[in-house]
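The values are calculated or read from the model by the stated rules, or taken from the named source; none is laboratory data. Quick caveat: nothing in here was measured; it's all calculated off a predicted structure. Don't worry about glycine lacking a Cβ; one is built from the backbone with ideal geometry, like all the others, and counts go over all protein chains shown.
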Ligand code: PMT
């Protein structure tokens, strides 16, 4: 407490946190879609760990098989466009935004109104770029809070993550090498490199549950340092 009875700089402070998680599904026709191997575990563990620490969490998630953690607000979405719209609508009231979702970079140019028929020996799909939601946070949505991206890389982990940190205006990028067996997509474990503007910090192999608690501590410290 300070002398005026208000909270001191290190007093507990409830913050509003948006977490994106899971894959998106980009429909081709009424029964088929393009997606990826994200299970949502990393994002759901983060959401649960922030809620456990007493914070207000909104989890925006693509389709997963996971139970929604207790004590959080939950908004399910399906496509990259739906996730973009949901983030755009909610990010303005957030103190921290964390993008753990594996959002499709491309979506079919057109959705067939009927189930596509098998006829020719080959089928060529035309895909168009989706909007970069994380990349829009600063420039389009005007977000001024603490911005945390993820980077799923199969090579040049630090350099590629640092490129995303700069291009997307992040305060921190959590980089994982998704070519390593046993971590990353659909695993219960992960191993990440925290890439900050002026330094890196490696968090060794751990369960996503334990890692999420370490990430909560790192992200809250970063947020508090920015408020001073
Ligand atoms: O879900 P799990 O099975 O637990 O796996 C966890 C994970 C591997 C999905 C997670 O740790 C992870 O790395 N999430 C980010 C996956 C990703 O798509 O990374 P990227 O390097 O392609 O994208 C960079 C960042 O931009 C990410 O924060 C992503 O959410 C964001 N992005 C990407 C494309 C897009 N159109 N909009 C975005 O916001």
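Worth a mention:
- Total residues in region 80-94 satisfying the condition of being touching a strand residue (DSSP E or B) at 6+ places or on another chain (Cβ under 7 Å) and either surrounded by fewer than 19 Cβ atoms within 10 Å (Cβ to Cβ) or over 20 Å from residue 136 (Cα atoms) (or both): the figure is 2.
- Hits in region 152-171 - residues which are farther than 13 Å from residue 137 by Cβ and surrounded by fewer than 24 Cβ atoms within 10 Å (Cβ to Cβ): 152, 153, 154, 155, 156, 157, 158, 159, 160, 162, 163, 166
Results for (1) part of a strand (DSSP E or B); (2) within 10 Å of the ligand (Cβ to nearest atom), shown as yes or no for each residue.
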| position | (1), (2) |
| --- | --- |
| 128 | yes, no |
| 138 | no, no |
| 144 | no, no |
| 148 | yes, yes |
| 193 | yes, no |
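- Residue match in region 172-183 (condition: at pLDDT 95 or above, closer than 14 Å to residue 98 by Cβ, part of a helix (DSSP H, G or I) and within 12 Å of the ligand (Cβ to nearest atom)): no
- Of all the criteria given as (1) closer than 21 Å to residue 65 by Cα; (2) surrounded by fewer than 17 Cβ atoms within 10 Å (Cβ to Cβ), the one not satisfied by residue 99 is (2).
- For region 22-48, the candidate set comprises residues that are part of a helix (DSSP H, G or I) and touching a strand residue (DSSP E or B) at 6+ places or on another chain (Cβ under 7 Å); within that set, the residue that is surrounded by the fewest Cβ atoms within 10 Å (Cβ to Cβ) is 44.
- With respect to (1) surrounded by 16 or more Cβ atoms within 10 Å (Cβ to Cβ); (2) in contact with a strand residue (DSSP E or B) (Cβ under 7 Å, 6 or more places away or on another chain), the lone exception for residue 213 is condition (2).
- Any hit, region 4-12, residues being under 18 Å from residue 214 (Cα atoms), outside any helix (DSSP H, G or I) and at pLDDT 95 or above: no
- Residues (more than 11 Å from residue 133 (Cβ to Cβ) and within 12 Å of the ligand (Cβ to nearest atom)) located in region 57-98: 61, 62, 63, 64, 65, 66, 79, 98
- Condition met for residue 1 (within 30 Å of residue 139 (Cβ to Cβ) and either modelled with pLDDT of 95 or more or surrounded by fewer than 16 Cβ atoms within 10 Å (Cβ to Cβ) (or both)): no
- Being over 24 Å from residue 132 (Cβ atoms) and at pLDDT 95 or above is a property that holds for residue 51.
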